[in-house]
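> Got a structure for you, questions after.
Bear in mind these aren't lab numbers, they're just calculated from the coordinates by the rules spelled out. Given the structure is predicted, the values throughout are model-derived calculations rather than measurements. Glycine also receives a Cβ, built like all others from the backbone with ideal geometry; neighbour counts cover every protein chain displayed.
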Amino acid sequence: MLVEILPHNIDDRLIEQAVDVLKKGELIIFPTDSVYAVGCDLYNKKALKKLAEFKSEKLKKTNFSIICHDIKEISDYVKQIDRRTFKLLNKSLPGPFTFILSASNDITKLFESNRKEIGVRIPNSPVILEIVKKLGNPIATTSLHDKDDEIKDYFIDPYKIYERYDNQVAMIIDGGKGNLEPSTVVRCIDEEYEIIRQGVGEIDL
């Protein structure tokens, strides 16, 4: 199912429809402020396993990030954020960044792993932020493409995405052409900062 949700004129009925899809344990593909991504309800174990299958991985081996509605929500899923890191997040988000932070014990349990870190995002994308807000908790997410893939039309054009992935997900949100560059990944652990991947976001550490 392909639905168009315009960021400058968000249709609440379509947002509710997307939330219902997530609550049923299904996957959605959606635009961000970088590349298109695929995601599910963080608290639906069936959906998390389905997302892992979509990426041809075992759940405990995945490196999914989470999309939160705001920085306050991030604090519920990571260990205590120091003052410097908080200021960096506050300055950069919403924006095209993935911040790697120390994961809480709840995250470890949800992903059936011993992972000590989690990527967190607050993209500057009103549509997905509204979906997360209405859902009431973060979504687990990963880029539609793999890190070694060349980003082609079927990763950035909603209609090409629909043709390729319609039988694998319950909803594809058309938010216009996606970006050719992924988010910039910044690791912030023990007050040491490192750019793991330079993407569309520019940041001064």
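> Using alpha carbons only, how many angstrom separate the centre of segment 16-80 from the centre of segment 121-135?
12 Å
> Using the beta-carbon distance between K160 and K46 and R0 = 25 Å, what value does 1/(1 + (r/R0)^6) give for FRET efficiency, to the nearest 0.05?
It comes out at approximately 0.35.
> Okay, next question. Would you pull out the residues with amide H under 5 Å of G178's amide H, same chain only if 5 or more places away, H placed 1.01 Å from N?
Excluding prolines and chain starts, which carry no amide H, the hits are D157.
> Next up: Excluding residues fewer than 8 places away in the same chain, name every one of the lysines whose C-alpha is closer than 26 Å to that of K46.
Filter leaves K23, K24, K55, K58, K60, K61, K79, K109, K116, K133, K134, K147.
> Restricting the count to DSSP beta bridges whose residues both fall in segment 2-197, what percent are antiparallel, rounded to a multiple of 5?
Antiparallel bridges make up about 65 percent of those DSSP assigns within segment 2-197.
> Separate question: Below 8 Å between Cα atoms, with a sequence gap of 6+, how large is the relative contact order for segment 40-147 in percent?
Across segment 40-147, relative contact order equals 39 percent.
> May I pose another question? Work out the charge dipole of the chain with +1 on the Cβ of Lys and Arg and -1 on the Cβ of Asp and Glu about the Cα centre, then indicate which of C40, L129, I203 is farthest towards its positive end.
With unit charges placed on the Cβ atoms, the residue in question is C40.
> Please list the non-local residues whose amide H lies under 5 Å from the amide H of A37, H modeled 1.01 Å from N, same-chain partners needing a gap of 5 or more.
Correct list: F30, T32, L144.
> Once you charge only the Cβ atoms, +1 for Lys and Arg and -1 for Asp and Glu, what is the size of the charge dipole of the chain about its Cα centre, to the nearest 20 debye?
760 debye
> Here's a follow-up. Name the residues whose placed amide hydrogens come within less than 5 Å of the amide hydrogen of L6, ignoring near sequence neighbours (fewer than 5 apart) on the same chain.
D11
> For Cα extents along the principal axes in Å, several values are listed as (1) 58, 40, 34; (2) 46, 45, 36; (3) 44, 34, 33; flag the one computed from this structure.
From the options (1) 58, 40, 34; (2) 46, 45, 36; (3) 44, 34, 33, the structure gives (3).
> Taking +1 at the Cβ of each Lys and Arg and -1 at the Cβ of each Asp and Glu, which of H69, I189, I156 sits farthest along the dipole of the chain towards its positive end, judged by Cα position relative to the Cα centre?
The residue sitting most towards the positive pole is I189.
> Looking at the chain, which longest stretch skips every one of the GluC sites (Glu not before Pro) that is in a DSSP loop with at most 10 other Cβ atoms within 10 Å, leaving the sites themselves out?
The longest such stretch corresponds to 1-149.
> By count of other Cβ within 10 Å, fewest leading, how are H8, H69 ordered?
H8, H69
> Once you keep just the Cα pairs under 8 angstrom separated by 6 or more residues, what percentage relative contact order results for the chain?
Averaging sequence separation for qualifying contacts and normalising by length gives 32 percent for the chain.
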